[in-house]
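Below you'll find the structure, written out as structure tokens, and then a few comments.
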Amino acid sequence: AGTTVSGAGNMTVTLTVTDLNGNETECTFTVTKVDQTPPTLVCKNTTVFIGNTGIYALQAADVFNATASSDNCSGALTVTNISPAMVSCAQLNQTIPVTVTVQDGSGNTATCVAQINVQEGIALPTGWNNDNVGNANGTAGHKACSLNGSFTVAATGFSTSSSDVLHFAHRQLCGNGEIIARVESDSGGGWAGVMLRESLLPGSKKVTLKTQLTNNIRREIRSVTNGATTNLNLFRPQHTWLRLVRNGSTFTGYTSTNGTNWSFAFSATISMTGCIYAGVFAESINVNVTTNASFDN
């Protein structure tokens, strides 16, 4: 007679022996089955996206296909090591081999190699949000792998004096502070700029500096909710750096060619709530044309 032992572990076996005269005797002993067979692994080939920190920590689900993998004994397969454990901007637009080590329930290990394509995500940094002001049908994103952290903002539609239509990437500013950015690019004939505004409603009080990357920079102020905007055009070639400062009810604007030496643009007194919005925006001049703007620094 034979006995089959399935799975690793101990089993008590009784052996009975009969001689030619029909005499029997038996003995009992323990059989230990040891699983020494490593699992059969299947790794994944997938794409991951680097977030606003500039790195991405690889997860087991990114690199290991547990459903397609198997083992001769029942039990969970556990990823014990991923090498390299993370990817960064240094691997952007590359496909990286990643060695994955997996252990079965008996401690047997095996490895497979995942091919990971590294791309750049567009999620905004922590604390930042983006919204349409008016019907701008816009978008915003952040490229962490660009040299100085590039924000991209797009919008359609056009504003009137008392009602804005634009897309705004922003964070909250409570009390005094400032927003500084360099306008990298601006397409579609629209505007790109920095803004401090009281709310996200189209008629909000606001202060802006914006440019079409021509020789003209425009200052806009709306000091009364739903009131008309006042404009001031400044002839300043190569001034792509824009800066707005809030100090109580005093708002001051500056422009620069290099982000170090600042030229005064305006100062205005406007009563706004304690917490306002500060950020960068894109504004089109045509409902049929999308303005795409990018900012850094």
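Before moving on, here are some points about what is shown:
- Using a 4.7 Å Cβ-Cβ cutoff, the cysteines of the chain lacking any partner cysteine are CYS27, CYS73.
- Highest GNM mean-square fluctuation among THR32, THR211, THR156, for the chain modelled with Cα contacts below 10 Å: THR32.
- Solvent exposure of the chain, expressed per residue, is 50 Å² of accessible area, with all protein chains present and a 1.4 angstrom probe.
- Dipole check for region 14-126: with +1 at the C-beta of Lys and Arg, -1 at the C-beta of Asp and Glu, and the Cα centre as origin, the magnitude is about 580 Debye.
- Chain lengthening between LEU147 and ALA76 when straightened (0.36 nm per residue, less Cα-Cα): 21.2 nm
- Translational diffusion coefficient of region 139-227 (Stokes-Einstein, Kirkwood radius from Cα pairs, 20 °C, 1.002 mPa s): 151 µm²/s.
- Top positive-direction residue, dipole computed over region 124-242 with Cβ charges, set ASN130, LEU213, ALA140: LEU213
- Theoretical FRET efficiency, 1/(1+(r/R0)^6), r = Cβ-Cβ of SER187 and GLN238, R0 22 Å, to 0.05: 0.75
- Fully extending the segment from THR273 to THR18 would add 81.8 nm, taking 0.36 nm per residue of separation and subtracting the current Cα-Cα distance.
- Full extension of the chain between THR46 and PHE29 gives 1.0 nm of extra length, using 0.36 nm per residue less the Cα-Cα distance.
- With the charge dipole of region 58-200 set up from +1 on Lys and Arg Cβ and -1 on Asp and Glu Cβ about the Cα centre, the Cα lying farthest toward the positive end among the listed residues SER83, VAL183, GLN115 is that of VAL183.
- Only Lys, Arg (+1) and Asp, Glu (-1) charged, at Cβ; the chain dipole about Cα centre in debye: 1980 debye
- Under the simplified labelling scheme, the THR109-ALA123 pair shows an inter-label distance of 3.0 nm, with each label point 7 Å from Cα along Cα→Cβ.
- Largest to smallest accessible area among VAL98, VAL165, VAL31 [probe 1.4 Å]: VAL31, VAL165, VAL98
- Structure-derived semi-axes √(5λ) of the Cα gyration tensor in Å - corresponding label in [x] 44, 22, 17; [y] 32, 24, 20; [z] 69, 18, 16: [z]
- Top of GLN94, GLN238, GLN36 by mean-square fluctuation, Gaussian network on the chain, Cα under 10 Å: GLN36
- Farthest toward positive dipole pole in region 216-297 [+1 Lys/Arg, -1 Asp/Glu at C-beta], among GLY279, VAL289, THR252: THR252
The values are calculated or read from the model by the stated rules, or taken from the named source; none is laboratory data. On a predicted model such as this, the values are computed, not experimentally measured, just so you know. In this analysis, Cβ positions are derived from the backbone assuming ideal geometry, glycine residues included, and neighbour counts consider all displayed protein chains. Calculation scope for accessible area: heavy atoms of the full protein, side chains included, ligands and nucleic acids excluded. Shrake-Rupley method; radii C 1.70, N 1.55, O 1.52, S 1.80 Å.
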